[in-house]
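*Asks:* Before we start, here is the structure in question, set down as structure tokens.
The values are calculated or read from the model by the stated rules, or taken from the named source; none is laboratory data. Keep in mind it's a predicted model, so treat the numbers as computed, not measured. With ideal geometry, Cβ positions are generated from the backbone for all residues, glycine too; neighbour counts draw on all protein chains shown.
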Amino acid sequence: MKIMDFLCKQAISTDIKATDKEGVIRELVDLLVLAGEIDKRNSNRLFEILMAREALGSTAIGQGVGIPHGKSDCVDKLVAAFGISQKGVNFDSLDGELVYLFFLLVAPQDSAGPHLKALARISRLLKDKYFRDSLKQSKDDKAVIKIIVQEDERKI
């Protein structure tokens, strides 16, 4: 599974403005709405699903990375948004560090397999410091896509 199989190219931001967890998740959901992946009337329900998942335990996995995720009937296929915060956000990370890189992953209700594979793929790639640093320094969505495509090709 490649990240570009589910990352929405129109839902990438290299300048997340939010300064807290709720704001980041809202901003990433809004990117999916603007990209046409999620119906605007479902955005609040999706936000609540994602926040309920955060209440179970932070999805910030350390090393400046957060992977907020959830399952919802408002999507019929696995979809993701990506964002970079230049200043970093307190996301209750496991290592106590600020989070700069965010992958928001939304899966259909009945897709446990693909959902877990996507989480594992993102986590594995983001363990690579060079990959994380390259993403962090990206200035626009085209640069982000190029870096992810290159990494997808290298590590299947």
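*Asks:* Among the residues in segment 124-137, are any assigned to a strand (DSSP E or B) and either in contact (Cβ under 8 Å) with a residue 60 or more places away in the chain or more than 13 Å from residue 24 (Cα to Cα) (or both)? Spell out the reasoning first.
*Replies:* Restricting attention to segment 124-137, the residues satisfying the condition of being assigned to a strand (DSSP E or B) are none.
There is no residue in segment 124-137 that is assigned to a strand (DSSP E or B) and either in contact (Cβ under 8 Å) with a residue 60 or more places away in the chain or more than 13 Å from residue 24 (Cα to Cα) (or both).
*Asks:* Take the residues in segment 134-156 that are surrounded by 14 or more Cβ atoms within 10 Å (Cβ to Cβ), among the acidic types (Asp, Glu) and within 20 Å of residue 64 (Cβ to Cβ), then tell me which one is modelled with the lowest pLDDT.
*Replies:* That would be 151.
*Asks:* Surrounded by fewer than 21 Cβ atoms within 10 Å (Cβ to Cβ), at positive phi and out of contact with any strand residue (DSSP E or B) (no Cβ under 7 Å at 6 or more places or on another chain), is that true of residue 23? Walk me through how you get there before you give the answer.
*Replies:* Working: surrounded by fewer than 21 Cβ atoms within 10 Å (Cβ to Cβ): yes; at positive phi: no; out of contact with any strand residue (DSSP E or B) (no Cβ under 7 Å at 6 or more places or on another chain): yes.
Answer is no for this residue.
*Asks:* Let me ask another. How many residues does segment 13-37 hold that are within 23 Å of residue 140 (Cα to Cα) and either assigned to a helix (DSSP H, G or I) or at pLDDT below 95 (or both)? Walk me through it before giving the result.
*Replies:* Keep residues of segment 13-37 that are within 23 Å of residue 140 (Cα to Cα), which gives 13-21, 23-37.
Those still in the list that are either assigned to a helix (DSSP H, G or I) or at pLDDT below 95 (or both) too: 21, 23-34.
Qualifying residue count for the region: 13.
*Asks:* Can I ask one more? Being surrounded by fewer than 16 Cβ atoms within 10 Å (Cβ to Cβ) and more than 17 Å from residue 123 (Cβ to Cβ) is the requirement here; does residue 37 meet it? Step through it out loud before you land on a result.
*Replies:* Working: surrounded by fewer than 16 Cβ atoms within 10 Å (Cβ to Cβ): no; more than 17 Å from residue 123 (Cβ to Cβ): yes.
Against the criterion (surrounded by fewer than 16 Cβ atoms within 10 Å (Cβ to Cβ) and more than 17 Å from residue 123 (Cβ to Cβ)), residue 37 does not qualify.
*Asks:* Would you confirm, using the coordinates I've provided, whether residue 119 is in contact (Cβ under 8 Å) with a residue 60 or more places away in the chain and either out of contact with any Pro (no Cβ under 7 Å at 6 or more places or on another chain) or surrounded by 16 or more Cβ atoms within 10 Å (Cβ to Cβ) (or both)?
*Replies:* Numbers: in contact (Cβ under 8 Å) with a residue 60 or more places away in the chain: no; either out of contact with any Pro (no Cβ under 7 Å at 6 or more places or on another chain) or surrounded by 16 or more Cβ atoms within 10 Å (Cβ to Cβ) (or both): yes.
For residue 119, the condition - in contact (Cβ under 8 Å) with a residue 60 or more places away in the chain and either out of contact with any Pro (no Cβ under 7 Å at 6 or more places or on another chain) or surrounded by 16 or more Cβ atoms within 10 Å (Cβ to Cβ) (or both) - is not met.
*Asks:* Search segment 56-85 for residues that are small (Gly, Ala, Ser) and pair each with any residue that is in a loop (DSSP other than H, G, I, E, B) and crowded, with 21+ Cβ neighbours inside 10 Å when their beta-carbon atoms are under 6 Å apart and the residues are at least 6 apart or on different chains.
*Replies:* 60/91; 66/59; 66/91; 80/6; 83/16; 85/16
*Asks:* Could you please find all residues in segment 35-55 being without any contact (Cβ under 8 Å) to a residue 40 or more places away in the chain and within 15 Å of the chain's Cα centre (by Cα)? Break it down into steps so the answer makes sense when it comes.
*Replies:* At the first step, the residues of segment 35-55 found to be without any contact (Cβ under 8 Å) to a residue 40 or more places away in the chain are 36, 39-45, 47-49, 51-55.
The answer is 47, 49, 51, 53, 54.
*Asks:* Further question: Is it the case that segment 100-107 has a residue that's closer than 22 Å to residue 47 by Cα, surrounded by 16 or more Cβ atoms within 10 Å (Cβ to Cβ) and in contact with a Cys (Cβ under 7 Å, 6 or more places away or on another chain)?
*Replies:* First, pick out the residues of segment 100-107 that are closer than 22 Å to residue 47 by Cα: 100-107.
Those left that are additionally surrounded by 16 or more Cβ atoms within 10 Å (Cβ to Cβ): 100-107.
When the remaining residues are screened for being in contact with a Cys (Cβ under 7 Å, 6 or more places away or on another chain), the result is none.
No: zero hits.
*Asks:* Turning to a different aspect of this structure: Scanning for something over 17 Å from residue 151 (Cβ atoms) and in contact with a strand residue (DSSP E or B) (Cβ under 8 Å, 6 or more places away or on another chain), does segment 114-128 turn up at least one residue? Explain how you work it out, then say what you get.
*Replies:* The initial filter retains those residues of segment 114-128 that are over 17 Å from residue 151 (Cβ atoms), namely 114-116.
Add one more test, that the residue is in contact with a strand residue (DSSP E or B) (Cβ under 8 Å, 6 or more places away or on another chain), and what stays is 114-115.
Yes, segment 114-128 contains a residue that is over 17 Å from residue 151 (Cβ atoms) and in contact with a strand residue (DSSP E or B) (Cβ under 8 Å, 6 or more places away or on another chain).
*Asks:* Right, next: I'm trying to understand the selection: among the residues of segment 125-156, which are closer than 17 Å to residue 6 by Cα and aliphatic (A, V, I, L, M)?
*Replies:* Narrowing segment 125-156 to residues closer than 17 Å to residue 6 by Cα: 125-126, 141-142, 144-153, 155-156.
Within segment 125-156, 125, 126, 144, 145, 147, 148, 149, 156 qualify.
*Asks:* Could you tell me how many of the residues in segment 42-55 are touching a Cys at 6+ places or on another chain (Cβ under 9 Å) and surrounded by fewer than 17 Cβ atoms within 10 Å (Cβ to Cβ)?
*Replies:* So in segment 42-55, the residues touching a Cys at 6+ places or on another chain (Cβ under 9 Å) come out as 42-43, 45-46, 49.
Those still in the list that are surrounded by fewer than 17 Cβ atoms within 10 Å (Cβ to Cβ) too: 43, 45.
Selection size over segment 42-55: 2.
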